[in-house]
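Reviewing the structure listed below.
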Amino acid sequence: MSALLEVSGLTTSFLTASGYLPAIEDVNFAIEKGETLGIVGESGCGKSVTSLSIMQLLSSNGKIQKGSILFEGKQLVGLKDTSMRKIRGNDIAMIFQEPMTSLNPVHKIGKQIGESLRIHRGLNKEQSKQKAVDLLKLVGIPRAEDIADEYPHRLSGGMRQRVMIAIAMACDPKLLIADEPTTALDVTIQAQILDLMRKLKAEREMSIMLITHDLGVVAEMCDRVVVMYAGKVVEQGAVRDIFRKPTHPYTIGLLSSIPRLEDRQQRLSSIPGNVPSIEVMPAGCRFASRCPHATQRCADDEPSLLSVTDNHQARCWLVDEKGVAV
Amino acid sequence: MISYIIRRLGGAVIVLLGISIITFVIAFLVPANPARAIVGPHAPEALVLQVDKQLGLDQPLPIRYVNYMNNLVHGNLGMSYVLDQPVTNLIEQRVGATAQLALAAWVLELVIGIPLGIISAVYDRKIIDHIASLLALIGISLPVFFVGLELMYWIGFRLNWLPVGGTGGFNYIILPGLTYAITGAAYYSRLLKASMLDVLSSDYIRTAKAKGASPARVIFAHALRNGIIPALTYGGIDIAALFGGVVVIEDVFGYSGLGQLAVQAISNLDVPVIMGTVLFATAFVVLVNVVVDVLYGIVDPRITYS
Ligand SMILES: Nc1ncnc2c1ncn2[C@@H]1O[C@H](COP(=O)(O)OP(=O)(O)OP(=O)(O)O)[C@@H](O)[C@H]1O
Ligand code: SF4
Ligand SMILES: [Mg+2]
């Protein structure tokens, strides 16, 4: 029972006009070594806040208010920035949703890839440059030597995301956090990037935390999945179990709206209604306003995460009784 | 890139032509006669007419302009009406002093403005940013002559650290340079603060942090080179403004540079000197702007010259 990453009771708030308001609340999950964990949910449900909390890269108006983040048994919450910097880019690497803007426009590709090696491994300019070329080859970029000498604006979105992956892989991280790595790319490129991540994971025994709004991607890539809604985990379990027996009405809604391959670009939208904003969180179940099964109890009391089976939980009163008919 | 520079220099020639016409026309449209100014208000009309003829002022304006330009391309800017010396000599004697002063002013401006801007951005809305912003606001609001006189009084006169005015070595350019810098640095600091704030919240800065880069590395290796681009544009404009500013400052500090030469020429209606200094300043400003545009491409690889 020593997971690579163990998040418990994580609550992260942002300073707003009405004081600190939680964007995610009491989030619990773990990632085992070599495992790919999917985190899914609609826009604004707190996926990025969760990953930035782990990296301790929240914007200055955000802070972790409660909870613990254990990485290899080490507490990251409250860790000094100097110690956290030794972990970032080294043990935990991250890639982002926006490949077009995530690379520094005024530095050459090779320099940007080699940077974490200079920071963490003390390599000099030539060594890190050479290693950068190797990494470009690793992520399948043709003419790696030439590309290392290019500036980012000469590359397409898909190429840039490969470069981001090369940056992330530089120090052989134990955990790769990928925040919607393919959302901004077109479908064929999406598939290539996912293939690349799968290949790298297999070669390097790394764990992946894959954030997506696309359950189709989860089915292809992940071992387990955490479904988030309005800042809370509403269901989690093995991918197989969740696809076979989705329990939370929100998960059921997501599953019935998996876009087909051709229009995976589109955000999930088939569940009517909107995610409540952090300023106006309802007292009871946060999904009640959109839930076809909502009762008075749902509006009054918030359910906790209830066990469906040993490794499968859902935050819904229906679990108590009989499970939901799909 | 070479062809770009050549094209830009071609454009510069056109700008110079335009400025020369405008200056020429304005200088001679003033409802006062240079010849009268030279001989004095009580001299007889006949003498005025004689001087007119001597200076070629009896000819029509377009002819005078063509003659002037013809001399100009042969490197001859004419004789000063008043100082009895070739204008090129006058400019040559003064240009070094003004260049030193302008350079000192500009460097001091950057030395004050850039760190202030970086600090304000990094400590955005913290007390140190408020102090920096307040200082910047004070600097912007104060008139040049006031700052100049205060510095003269306190540092020059009361503390007796530096000469109060005049022209000489390095010591003589510090106070006038500082005067310009205090009133101008705030533009750089504000500009830099805004662009650095923008850059610091950008995705690629997050990427740098995610690599484990230290705050110093994030600011200096990643943010500054992007954040400095707007300041670079302003630098080009500022150098033009610098010439105007230096005129006032030279006057306040009794510093004999081109500015002072120009001011005296204007009050004497010494048209060849007016023309010479204006054209010289224009040529310089245009050249600086070409240099700035080339620098752009070095700082920002996304810019191509076409
Ligand atoms: N810097 C911030 N300041 C204030 N509130 C924030 C900030 N960042 C996030 N939030 C709040 O946290 C909520 C969750 O945001 P988050 O970015 O984690 O969503 P997400 O699940 O990643 O969505 P998406 O799929 O659009 O990326 C947002 O709805 C927003 O209200
Ligand atoms: S608790 Fe009630 S409202 Fe919430 S998801 Fe379950 S049935 Fe729907
Ligand atoms: Mg997000």
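Each reported figure results from applying straightforward, stated rules to the coordinates on display, with no laboratory input. Since this is a predicted model, take the numbers as computed values, not measurements. In this analysis, Cβ positions are derived from the backbone assuming ideal geometry, glycine residues included, and neighbour counts consider all displayed protein chains.
By the count of neighbouring beta-carbon atoms within 10 Å, fewest first, A:K108, B:K211 end up ordered A:K108, B:K211. Computed about the Cα centre, the dipole magnitude for chain B is approximately 1100 debye when only Lys and Arg (+1) and Asp and Glu (-1) carry charge, each at its Cβ.
Largest mean-square fluctuation among A:S68, A:S102, A:S48, in a Gaussian network model of chain A whose springs join Cα atoms under 10 Å apart, belongs to A:S102.
The magnitude of the dipole of the protein assembly as shown, with charges of +1 and -1 set on the Cβ of Lys/Arg and Asp/Glu and taken from the Cα centre, is near 1060 debye.
What's the longest piece of chain A with no exposed GluC sites (Glu not before Pro), counting a site as exposed if DSSP puts it in a loop and it has at most 16 other beta carbons within 10 Å?
Working: sites that count: A:E32, A:E72, A:E150, A:E205.
Segment A:206-326 is the longest.
For segment B:177-234, the Kirkwood estimate of hydrodynamic radius, built from reciprocal distances between every pair of different alpha carbons, is 12.2 Å.
So how do A:R160, A:R290 line up by other beta-carbon neighbours within 10 Å, fewest first?
Ranked by crowding around the Cβ, least crowded first: A:R290, A:R160.
The alpha carbons of segment A:77-169 occupy a box of 42, 30, 23 Å along the principal axes, longest dimension given first. Cys residues of chain A that find no other Cys beta carbon under 4.7 Å: A:C45, A:C171, A:C222, A:C291, A:C316.
For chain A, DSSP calls about 60 percent of its internal beta bridges antiparallel. Rg then Dmax, both in Å and based on the Cα atoms of segment B:1-159: 24.2, 73.
With the convex hull built on the Cα atoms of segment B:41-128, state its orientation-averaged projected area in nm². Before the final figure, lay out each step's value.
On the way: hull surface 46.3 nm².
Averaged projected area of segment B:41-128's Cα convex hull equals 11.6 nm².
Of the residues A:S277, A:V77, A:W317, the one whose Cα sits farthest toward the positive end of the charge dipole of chain A, with +1 on the Cβ of Lys and Arg and -1 on the Cβ of Asp and Glu, is A:V77. Across all directions, the average flat footprint of the convex hull enclosing the Cα atoms of the protein assembly as shown is 38.2 nm². The distance linking segment A:132-170 with segment B:136-153 is 52 Å (Cα centroid to Cα centroid, whole angstrom).
Wrap a convex hull around the Cα atoms of segment A:1-83, take a quarter of its surface area, and give that in square nanometres.
Convex hull of Cα atoms, orientation-averaged projection: 6.0 nm².
How many Å³ per residue does the convex hull of the Cα positions in chain A occupy? Don't skip to the end; give the middle numbers.
On the way: hull volume 44.1 nm³, N = 326.
About 135 Å³ per residue, rounded to a whole number.
Relative contact order, whole percent, for segment A:169-249 stands at 25, derived from Cα pairs under 8 Å and 6 or more residues apart.
Between A:K201, A:K137, A:K129, the Gaussian network model of chain A with springs among Cα atoms under 10 angstrom shows the greatest mean-square fluctuation at A:K137.
Per residue of peptide A:143-153, the mean number of Cβ atoms on other chains within 10 Å of the residue Cβ is 1. Contact order, relative form, for segment A:113-178: 42 percent (alpha carbon pairs under 8 Å, 6 or more residues apart, mean separation divided by residue count).
Principal-axis analysis of the Cα atoms of chain B puts helix B:87-122 at an angle of about 20° to the longest axis. Between A:L215, A:L79, A:L52, the residue with the greatest mean-square fluctuation in the GNM of chain A (Cα pairs under 10 Å linked by springs) is A:L79. Annotation for segment B:212-280 versus segment A:11-76: alpha-carbon center distance of 50 Å.
The ranking of A:F14, B:F157 from fewest to most other beta carbons within 10 Å of each one's beta carbon is B:F157, A:F14. Dividing the helix sum by the residues of the protein assembly as shown, where each DSSP H run of 4 or more adds -39500 (n - 2.57), gives a mean residue ellipticity at 222 nm of -17000 deg cm²/dmol. Legend: translational diffusion of chain B by Stokes-Einstein, Rh = Kirkwood radius over C-alpha pairs, 25 °C, 0.890 mPa s; D = 111 µm²/s.
Treating the beta-carbon of each Lys and Arg as +1 and of each Asp and Glu as -1, no other charges, what is the dipole magnitude of segment A:7-75 about its Cα centre, to the nearest 20 debye? Mind showing how you got there, number by number?
Details: 5 positive and 6 negative charges, 45 e Å.
Using Cβ point charges on Lys, Arg, Asp and Glu, segment A:7-75 gives about 220 debye.
Note on segment B:87-243: Kirkwood radius taken over Cα pairs, Stokes-Einstein applied at 4 °C and 1.567 mPa s, translational D equal to 75 µm² s⁻¹.
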